[in-house]
Structure formats: C-alpha cells, structure tokens
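All remarks here apply to the structure that follows.
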Amino acid sequence: MINKQLGDKIIELVGGEDNVNSLVHCATRLRFKLDDSSQANDKALKDLPDVLTVVEKGGQYQVVVGNKVGKVYTEIMNNHKISAGDSENGNKDDGDKEKVGVVSKVFEYISGTFSPLIPALAGAGMIKALLAVLSLIGWIDVEGSTYAVLNAASSGLFYFLPIFVGISAAKKLNVNPFVGGTIAAGLLDPNFTALLASTGDVNFMGIPLVMSDYASTVFPLLIAMAIYAPLERFVKKYTPDTIQLFFVPMVGILVMVPLTALVFGPFAQYISAAIAGGITFMLDFSAILTGVIIAAIWPILVILGVHWGIVPIMIDNFSRGGDAIGPITAAATFAQMGIAFGIFLRSQNNKNLRSLSFAGTLSGLFAGVTEPILYGLILRYKKLLPLLLIAGAIGGAIIATFDVRVFSFVFNSAFTIPAYSPIMGYVIGIGAAFVAGTILAFIFGTEGKKKEVNTEEVPKEKPAVAPVSERKERIELTAPITGEMIPLEDVDDPVFSSGAMGKGVGIEPNEGVVVAPFDGKVVTIFPTKHAIGLVSDAGVEVLIHVGLDTVQLDGKHYEAFVETGDVIKKGQKLVAFDIEGIKKDGYKTTTPVIITNTANYLDVLPTASRFVNVEEEILTIVK
C-alpha cells in the first residue's frame, strides 16, 4: 500500500500519466520520458520522504527512489496506463522536443538498452560470486556436474548476451525486438562460429570476412540496432500491407547479419580493443594515477545518471583478460559506504541522520547499491563530496596497483568479493577506501554536526540577526555576464544545483561575453574554454561554467582571451561565446557562478533574482 501511494504521488508530481511518454527503471531510479518536463514539480518530488532526488539528464526525467524502486515501478505500471520502455510515440511533435546533444543521445541509448537487463546481469553475476565462495571453501567440486549446471546458469546470459542486447536495443528504438534478437542469434549460430576455426579464405560473396567471436560482446549489436531501426522503418513504409508480416523482417535479417559480420563487428572489435589497450597503457604508465582518476570520476557519472553507458566497455573487457574498470569503481562504492558509516558514528544526537546513514551503509555492503548514500548524504552535505573523492582515490590507486580484474558483471558488495582476482589486492583496496571514508567523515563531517545542535539549549533572547555593528566583513561579487540571474538550485545540473561544488547563482546570459568580476588571477582555463577558474586578490575562488555539458563541444563556439596564470583586472574580457551557436547544437547556456571555497566563509548570500549587467552585485560573501 505504501509503495502504491508513493507511485501515485510520483505520477501526480511528474504531470500525470498523460504527461508520461514511457517509463523504465534501473537499480535505484525511475526513468521517465516526459512529454513536457516543465510540468514536473522538482521541489515537491524531492520533498517526498522516500525520494532521494531528481535528475534530468539525457532526455530522461529520473526520480531516485533507492532500493524499493522495483516495487514502486510495479505499482505504477499496475495502476496507471503508462508504456513500459522508451517509446517514440510521444504527444509532442519532433520540433517541440528538447534538443539533446549527440553524446547525451548515445549515453541515453546505451543506458536505456541496459537498464532492463540489470536485474538479470546482477542475478547471474551473484551466482558467479556464490560459486566462487563455495569453491573457495571447498563446498563444491569444480569438476562435478552440480558445478557445471550452476556455472551454466550464471554463464548462459553472458554467452548469449548479444541476443538480449539486440532485443533490448530494438525495444529502445521502437522496432521489432525479436528481429533484433534474431540478428544477434545469427552471429552465434554454430555454422557461423565454425568459420572462426577455418584455415582457408573466409568471405561473403567474395568480400573478405574478418571473423570475430561475438559471444559476450555487445558493441556490434548496439551499432547494428542503431542502423537496423531506420532500415526497418524505411522498408515498412514502402512495403504493401499484405506482405509486411514476412517481407520486412526478412529484409532486415538478410541485410543486417552479413553487414554486421562484414562491417559493424570488426569496427566495434577494433574500437573495443583500442579502449582496452588504452586502459592497459594507462595502467602500465601509472597504475596509481589510473586508479585515482577512475575512482574519482565514477561518483560524478552516477550523479549524472550515465554510468550504465560504461557497462559495454566493462563487459567487452571480460574476454580480454578481465575487466579492470569495475574493481576500481568498487573503491568509490566502498568509500561511499565508509562516508555513511562515519556519519553514523558521528551523528549520535540526530536520529534521522543516524538512521539514514546506517541504512545506506547496509544497502551498500549487502546489495552494492549506494545511491541512498550519494543523494541522501553526500550531495546533501557538500563537504562530504571531496572526502568521498579522496577516500575513493586511495582505494582505487591500491586496486589498480594490484591489477585486480573481474570476469563477470557483479555489483560491488561484500558478497561479491570472491569474484575479483587477486582477492587480497581487492580486499586491501576496498578496505582502505572504506576506512578512509569512515575516518574522514567522522572527523570532517562538520555539516552533519550542525544538524545535531539541540535548539532547546539556545538562549531564546539571542537575536536571529546580529546588529549591524556586530556583522562580519563582507565581500561583494559582481556579475561576470549580463543576463537573468536564477537561484543555483534551479540550474539544470545536479552537480551545481546540489551545492556540491559550492554556493553561488546561475545566469541565463543574453550577451556572449565573460568579464572578470574582480582583480585577481586566472587559476585555470579549460582547454575547451567553456569554464574558467579565478581567484581574487582577497582569496575568493570562483568557477564560471558557461553552459551545461558544454565540455562536449570541445571548444566550438568559444574564444579565450586569457591563459592560466594571467593577472586580471575587474571588467577585463576573459571569454567570448556564441549563445545561438551553443543552443543550436542542443546545449543550454545557463552559466553557474560558483564560490568554490565556500567552506572558508561564514556564508554566501545571493541578491534577489533579477536581470543583471556585468559589474552589478550578485553575491555577498560573509567572512
């Protein structure tokens, strides 16, 4: 009943079932495709007790529920007329749909393909881990028939994964899913796979075939389905209704199986090999640095909701000597558990925070699901994010140094430890990440401690605002861009709107020029020129991030007039950008202006939301 009520409330707050194009879910999120995302009430959704946060990314409106997401999803689908999966039959015309960048579309496609497969992947992976435990303690004979049956139960999905990917990807693209599965099955047929052992020339109609083993690989099918979808629609459009039943799938299979074998398969294998080679090169160059980088960026990918887009790379690595990415990401996972446990130990007088942190720790340890920690704690208390990055980096460096690998898809939990090799290196790495997270959160989790103050002990007569004579010194920060100022929480990017990077405001620019808001120095300017970090002579550190996800533009539409290390004067021109060009390429020009060393000040106070010109005050920084 509780899950039904929650589901009903969520549907109401996303604009009603008429506003929902389709719905899928992953391990912790309800992923809506809305006709009009502006109808969704973000604030009311976040205020629901069982909702951790909402994220709008890659064309999806994601409501993060946590471990009960499957039950809530079931209640929604049972009680509302909503399409399962991603549908293209929305109520809006194509011209009305929000433009999404190419990279976002790719991640949305991959994520949407794998989201329905996650339960099966996790279940099969857990059987693999269970078999590893049983064989480790000698409770099962690895040469016996019982082991063979259970091993088949866990390995079958991964061997035939291309078929499931073909079905899921076709559903995602709204074409016949069973034709998608049939195309994949053709590449696993024994008559085709026997060609791998052929010593003579292998060709198709005289065209040489570069043979590949398609078992357990997914990239070829992802590419093939992206081509098959428009092919099916084209053939169906020009085929008479009387023969569509057999002619459309016949043409699709007849064209796509050879085309995949000739082109998409070899191309995808080369790309996959290049990625694997790149990771190997990074590990050989500096295992420590590689572990630090991967473990540090993983929580950010989770926050943005695009982490499932990395899964195909991990799966392809299974057949290339094992995957090294998954073990390193485990450091970030266990660092989050450590953060939660540290807050649990610290929050002796705050029952709500103590309960949330303890539940998050258990959820991570036993299920490998840490979104409740990430959204419920770390993004809520912004000082925990750098602590997470530090703890994760420590564990990631250790795991990469031991060159830990995994050979099947598993969630990073205490139960799946035997799935990693060498186990000892993995245990040392995740243990270090957990302990570091616990210690750092226990010592430096100051924001959580503020919540624990017993207000009954505060004298009633103390004024809420100190007299003017007692107020601390203030620093005024002026606008670096002309435009409309908006609250930071309204910026459409959870990394900024959550305050994880620091306090500040957003500006919707109407002039494409960034000027210096103070006298100071350029700390860094990104190679893509979309973001610039400054420090004032008074020590105020500011990040000006022109646009959202605009790093994908790779510098297009931007021109920089300063370099890292340059001394700047207030009002000096720093960067120019083409507003219309950025929007035309499908990106928002909303510009967060963030005080990145917020923790050094008593408070950072924005002025009232209004239109601002450059050099007009937008923030007051209280020392």
Practice problem: Rank by packing, highest mean first: peptides 610-616, 34-40, 384-390, 330-336, with packing defined as the count of other Cβ atoms within 10 Å averaged across residues. | Solution: 330-336, 384-390, 34-40, 610-616
Quiz item: When the Karplus curve 6.51 cos²θ - 1.76 cosθ + 1.60 is applied with θ = phi - 60°, which whole-Hz ³J(HN,Hα) does each residue of segment 532-538 get, with x for Gly and Pro?
Solution: 9, x, 10, 9, 7, 4, 8
Practice problem: Would you order TYR601, TYR381 from fewest to most other beta-carbon atoms within 10 Å of each residue's own beta-carbon? | Solution: TYR601, TYR381
Exercise. Could you rank the peptides 477-488, 237-248 by their average count of other C-beta atoms within 10 Å per residue, with the highest value first?
Key: 477-488, 237-248
Self-check item: Local net charge near VAL575, Cβ-Cβ under 9 Å (Lys/Arg +1, Asp/Glu -1)
Solution: +1
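When the helix-only estimate is applied to the chain (DSSP H runs of n ≥ 4, each -39,500 (n - 2.57), divided by the residue count), what is the mean residue ellipticity at 222 nm, nearest 500 deg cm²/dmol?
Details: 21 runs with 277 residues, N = 623.
It comes out at -14000 deg cm²/dmol, rounded to the nearest 500.
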Exercise. Summarise the long-distance tail of P(r) for the chain by giving the % of C-alpha pairs beyond 33 Å.
Key: 53
Quiz item: Once amide H atoms are placed 1.01 Å from N in the peptide plane, what residues at a sequence separation of 5 or more from VAL505, or on another chain, have their amide H within under 5 Å of its amide H?
Solution: VAL593
Practice problem: Could you size up the charge dipole of the chain around its Cα centre, putting +1 on the beta carbon of Lys and Arg and -1 on that of Asp and Glu, and report it in debye to the nearest 20? | Solution: 1100
Quiz item: Considering only the other residues whose Cβ falls under 13 Å of the Cβ of TYR426, what net charge follows from Lys and Arg at +1 and Asp and Glu at -1?
Solution: -1
Quiz item: ASP603 to PHE561: FRET efficiency via 1/(1 + (r/R0)^6), r the Cβ-Cβ distance, R0 41 Å, to the nearest 0.05?
Solution: 0.80
Quiz item: Which number comes out as Rg/Rh for segment 504-590 once both Rg and the Kirkwood Rh are worked out on C-alpha atoms?
Solution: 0.95
Quiz item: Peptides 416-424, 147-155: what's the order by average Cβ count within 10 Å, highest mean first?
Solution: 416-424, 147-155
Exercise. For segment 2-88, please report how many Lys pairs fall under 18 Å Cα to Cα, leaving out neighbours fewer than 8 apart on the same chain.
Key: 16
Quiz item: If you add up the charges near LYS556, with Lys and Arg at +1 and Asp and Glu at -1, over every other residue whose beta carbon is less than 11 angstrom from its beta carbon, what do you get?
Solution: -2
Practice problem: Quote the relative contact order of segment 472-622 in percent (integer), defining contacts as alpha-carbon pairs under 8 Å separated by 6+ residues. | Solution: 36
Quiz prompt | Computed over segment 472-622, Kirkwood Rh from alpha-carbon pairs, angstrom | solution = 15.0
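Each reported figure results from applying straightforward, stated rules to the coordinates on display, with no laboratory input. A quick note: this is a predicted structure, and the numbers were derived from the prediction, not measured. Because the Cβ atoms are built from the backbone with ideal geometry, glycine has one as well, and the counts that use them run over all protein chains shown.
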